[in-house]
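Down below is the structure, laid out as structure tokens.
Just so you know, all these numbers are worked out from the coordinates, no wet-lab data involved. None of the values given here were measured: they were computed from a predicted structure. Note that we place each Cβ from the backbone using ideal geometry, even for glycine, and neighbour counts take in every protein chain shown.
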Amino acid sequence: MLLYVLLSCVGIAQCYPNGQVSEVCGSLVPGHGSSAQPSSSSPYTVTTNKTTFKGGDEITVSLSSNSGDYFEGFMLQANEVGSTIPIGTFSVLNSSAQGIYCDHVANRAVSHTSNAKKYTIQVKWTAPSAQLGNIEFRATFVKSLKTFWVDVRSSALTYTGTTSTIATSNPDCGKTKVCYSQPNNCDPTTSTGCYFMAVQASSNQSEYTIELFGQADGYVAIGFSDDQQMGNDDIYICGKDSNGVLQVQHAFSTGRRSPNILPLGNVTNIKTALTNGNINCSFTSRNAISTASRATSTSEYYLMIASGPSSNGNIQFHTQRSVSSSKADLLNPSLGITSAEVFPAILKAHGALMLIAWMTTGSLGMLIARYLKGVAKNHGLGGKDFWFIAHVSLMVLSVIATAIAFILVFSYAQDWAGGAHPVLGCLVMILSLIQPIVAAFRCEPQHERRFVFNWAHSFIALAIKALAVAAIFTGLALFEKYEEDGWMLKVMGGFITWEALMYILQDLNLRAKKKDSEICSCGSMKPETVLLILFLMGNLAFLISLLVGIGRA
């Protein structure tokens, strides 16, 4: 009876109580003649004292019981995510564990030394110096001959080794590799916000070694395209899966929507690293580059880099995109390539028109209507006071500029992508068209219900102003991704402060006039006129600063 108990409580392979189970390296499946319990129901866990590592790091790995259950046998090894080949070396901390041979290498895995009951085991693992991908620790726990759990995994550990091998200073760039970066010639190892890719093609284009690097919350992707627009592009994505571990995916773009994920195909030598938010991947692909109409019929492509967030392993719409200004010849790296204009002229024109409309003409029109009705009263043209003519003219210019800006950007983008900015812009456009329609059907000034129009007109104007300011801020934020100090947003903040100050002074002067007084004596000019001139001068200064910033983007 005692012998039976001892035999039923041991080992991983061949029921060895001494733990010499090198035969099952990689698979971790013991030869017990029965099926393993589901790993998801394991009462045991594998944990580590680190979540990231680099070559040469030492990591403490713990095997523990969650519920107080003991285990008698175990086996533990480290693998790159997606692989079953043991890597690194272990060192034991007590007599309950021992290093064993795997692939003829000592201490490549660890196991038990006896069938004594165990509740926790700790060992040390040392990472190899070679460049790796992310890793995980896999273990088998044996409670009895017929009760055991295989492939119980730790959380993945992110490899943070150096990425210097893909720096733009690499002497192979322009010689054996086509290298492309945004901004041009940036060094990903030293420059914040540098996006980099390199492609080295074999002479018959049967094999491509691809490297990519960039800062992103979820993924960095590269594309090979026949043109500078999205659609019919061969894409490789380096992004986080649902567990936050980097993975490489092959995809095909069909336009301005999520690309179709393809089988990874013949992709090998995958290496990934995540360092301070920088995503780095390299791999070798023997898949033919396909842009729908052809495959491997040419070596020339436009190169694209995009990055953005991901959700549960699914990439979201990119927040950064760059495309080369000309086609790159993958077989002739010495030709070199540069980035195309990040913001085409049509987008810059859109931004400039919106700034002019809602920083200057619109703001002046609103201020005149509110505070300058008493200036040159009963003087004008066609029976209309000058203030009314100025107000209507300025607001018409604002609506026209907004409409042109709206048409320009949607003719270019042809979709709603871009977050809150396009939504805010559409609301501004809709309300800008509603406002003159409401004004056209207003009652006479003496009508008893004129107040309805006054309140509606004022409310819509306030809504337009608030939405326009929000749209400008979100629009400038898109440009600011390529500015180191975010100065355009600061200028816009200064403008809002300036505008608020001018409105406060005009309001104080209006209140003073009701008491037959003024906030200041300005000679022959009324205080509201002086404030209007100051308002215009300040607005023009802020406007010109922002227009210059957009032009430089």
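Counting only lysines at least 8 places from Lys118 when in the same chain, those with an alpha carbon closer than 17 Å to its own are Lys143.
Taking every alpha-carbon pair under 8 Å whose residues sit at least 6 apart, the chain reaches a relative contact order of 9 percent.
Determine by what factor the alpha-carbon radius of gyration of the stretch 370-476 differs from 2.2 N^0.38 Å, reporting the quotient.
1.27
Considering only beta bridges that DSSP places wholly inside the stretch 147-282, some 95 percent are antiparallel. Remark: spin-label model distance Ile533-Leu510 equals 2.2 nm, labels positioned 7 Å along the Cα→Cβ axis.
This model, with +1 at the C-beta of Lys and Arg and -1 at the C-beta of Asp and Glu, gives the chain a dipole about its Cα centre of some 1340 debye.
With the radius of gyration and the Kirkwood radius both derived from the Cα set of the stretch 19-74, what is their ratio Rg to Rh?
Here Rg/Rh amounts to 1.01.
With unit charges on the beta carbon (Lys/Arg positive, Asp/Glu negative), name the residue among Ile261, Thr529, Gly277 whose Cα is farthest towards the positive pole of the charge dipole of the chain. Farthest along the dipole direction, towards plus: Thr529.
Oblate is the label for the stretch 345-552, because the ratio a/c of its alpha-carbon gyration tensor axes (a ≥ b ≥ c) is 1.5 or higher and a/b is not greater than b/c.
Summing Lys and Arg as +1 and Asp and Glu as -1 over all other residues whose Cβ lies under 10 Å from the Cβ of Pro43 gives a net charge of 0.
Once the mean 1/r over all distinct Cα pairs of the stretch 164-335 is inverted, what Kirkwood radius in angstroms do you read off?
Numbers: mean 1/r = 0.0634 Å⁻¹.
Over the stretch 164-335, the inverse of the mean reciprocal pair distance is 15.8 Å.
Think of the stretch 2-159 as having a plus end and a minus end, set by charges on the Cβ of Lys, Arg, Asp and Glu; of Tyr70, Val81, Trp149, Tyr70 sits farthest toward the positive end of this dipole. What does DSSP give for the chain in terms of the percent of beta bridges that are antiparallel, rounded to the nearest 5? Of the beta bridges lying entirely in the chain, close to 95 percent run antiparallel. Gly223 sits among other residues whose Cβ lies under 12 Å from its own Cβ, and their net charge, with Lys and Arg +1 and Asp and Glu -1, is -3. Compute the label zone of Glu300 within the stretch 222-243: residues whose backbone N is under 17 Å from the point 7 Å along Cα-to-Cβ. Answer for the stretch 222-243: 224-229. Counting only whole DSSP H helices of the chain, the ones at least 18 Å long by C-alpha along their axis and with mean Kyte-Doolittle hydropathy no lower than 0.5 are 386-413, 420-440, 450-480, 527-552. Roughly what percent of Cα-Cα pairs across the chain reach past 38 Å? Beyond 38 Å sits 52 percent of the P(r) for the chain. By the compact-protein rule of thumb, 2.2 N^0.38 Å, the alpha-carbon radius of gyration of the stretch 457-553 corresponds to a ratio of 1.33. Measuring against 27 Å, Cα to Cα, the residue pairs Lys50/Lys146; Lys327/Lys348; Lys54/Lys117 contain Lys50/Lys146; Lys54/Lys117 as the ones spanning a longer distance.
Per residue Cα convex hull volume for the stretch 2-159, in cubic angstrom?
Convex hull of Cα atoms, per residue: 100 Å³.
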